[in-house]
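The values are calculated or read from the model by the stated rules, or taken from the named source; none is laboratory data. On a predicted model such as this, the values are computed, not experimentally measured, just so you know. So basically every Cβ, Gly included, is an ideal-geometry build from the backbone, and we count neighbours across all protein chains shown. What goes into the accessible areas is simple: the full protein's heavy atoms, side chains included, and nothing from ligands, DNA or RNA. Shrake-Rupley method; radii C 1.70, N 1.55, O 1.52, S 1.80 Å.
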Amino acid sequence: MQTCFNRHGVVIFFMVGVLVGSGLYARRCEAGASPPRKGPCPSHLEADRSGEENLEPSANVVVTESIGTAWPLACGYLVTNNHVVSGAESITLIDQTGRGFHAWPVLLDELHDIAFLEVADAQDLPPALPLANSRSAIDTRVFTVGFPAEGMSTQGPKRSQGRICGLNGTREDDASYRTTVPVRHGNSGGPLMNLSGEVVGVVRSMLAYQDKGSNRTYILENASCAVKAAAVKALLEHLPEKTKTRRTLAKPSGSEEALYHAVAHSVLQVVARRYENEAAE
């Protein structure tokens with residue numbers, strides 16, 4: 001399905017920043033992950049464990065934020081995108097009730113743009129979302145629930161739905177799907193769900209094309225990429241095992257609306273803050 005987004009003649013497709021989180025801090029989010037702080041880690045992976053937040057903004061510190069979406073796994077960790085949290089000095093997760101959790105990265109995979117987060121007590125988290133055991137087929141109906149930022153604010157979790165239209169991402173990336181699900185800044189890291197209530201992927205990016213004649217870039221309204229759930233599963237073996245696990249969300253009986261509502265209670269907004277010392281004048 002190479003032509004599923006090609007409605008404008010000869011174009012060049014590429015991923016666009018949902019990769020910059022909220023769009024408020026593109027420069028830092030586009031940079032590569034920082035070197036590992038602790039211990040050895042597999043190729044393309046970064047192990048990183050932080051303590052409690054101890055850096056507070058002051059008169060001589062500039063605070064910038066990126067916004068994304070996260071969701072818990074049964075093993076007690078949470079999943080989001082690497083580009084949302086990489087380089088952040090503090091990470092806050094906010095649930096449906098407005099309750100905030102301090103979180104820190106445990107494993108960052110820059111190659112697949114996946115981050116695993118940890119909180120002090122995983123038992124405080126909402127129900128975990130189950131990972132699909134098999135790959136999805138072309139035309140599978142899917143949806144995501146996340147926190148797309150409109151301007152400078154969000155209005156709570158929102159649903160976007162569509163279909164899988166490509167089994168490979170951009171540049172024939174076989175670790176990703178292409179979908180018709182519309183996403184925006186803030187959807188980064190959200191779960192791509194099938195109608196059986198399983199996570200089939202992790203929302204990664206919007207898609208855009210460049211008009212060769214005018215050299216202008218246009219974001220496609222219903223075109224996005226998501227990393228396949230298999231990439232998340234492959235990374236789980238590199239995480240420290242927890243003694244307690246989370247209850248997994250069971251697919252609610254009844255309408256699709258009931259499923260959307262249940263998933264909305266399991267997603268959390270990610271607010272990743274970065275601090276920079278203001279240069280002396």
The stretch 233-258 - residue that is touching a helix residue (DSSP H, G or I) at 6+ places or on another chain (Cβ under 9 Å) and of a type outside the set (Gly, Ala, Ser) and, of those, modelled with the highest pLDDT = 249
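Looking at residue 276, is it outside any loop (DSSP other than H, G, I, E, B) and not hydroxyl-bearing (Ser, Thr, Tyr)? I'd like the intermediate steps shown before the answer.
Values: outside any loop (DSSP other than H, G, I, E, B): yes; not hydroxyl-bearing (Ser, Thr, Tyr): yes.
Yes; evaluated as a whole, the condition is true for this residue.
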Failed item, numbered, when residue 113 is tested on (1) surrounded by fewer than 20 Cβ atoms within 10 Å (Cβ to Cβ); (2) closer than 21 Å to residue 162 by Cβ = (1)
Answer yes or no: is there a residue in the stretch 231-252 that is closer than 26 Å to residue 184 by Cβ, more than 22 Å from the chain's Cα centre (by Cα) and exposed (fewer than 13 other Cβ atoms within 10 Å of the Cβ).
-> no
Quick count over the stretch 193-218, residues being open to solvent by 10 Å² or more (accessible area, probe 1.4 Å), out of contact with any Cys (no Cβ under 9 Å at 6 or more places or on another chain) and not in a loop (DSSP other than H, G, I, E, B), is 6
Please verify whether the stretch 219-226 includes one or more residues that are out of contact with any Pro (no Cβ under 7 Å at 6 or more places or on another chain) and assigned to a loop (DSSP other than H, G, I, E, B).
-> no
Every residue from the stretch 219-230 that is open to solvent by less than 60 Å² (accessible area, probe 1.4 Å) and either at pLDDT 85 or above or more than 17 Å from residue 185 (Cα to Cα) (or both) = 223, 224, 225, 226, 227, 228, 229, 230
Residues being assigned to a loop (DSSP other than H, G, I, E, B) and either without any contact (Cβ under 8 Å) to a residue 60 or more places away in the chain or more than 14 Å from the chain's Cα centre (by Cα) (or both): count how many of those fall in the stretch 78-91.
-> 4
Taking the stretch 237-268, which residues are more than 26 Å from residue 100 (Cβ to Cβ) and not in a loop (DSSP other than H, G, I, E, B)?
-> 256, 257, 258, 259
Filter result for the condition that a residue is in contact with a helix residue (DSSP H, G or I) (Cβ under 7 Å, 6 or more places away or on another chain), open to solvent by less than 60 Å² (accessible area, probe 1.4 Å) and modelled with pLDDT of 90 or more, over 108, 78, 93, 125 | 108
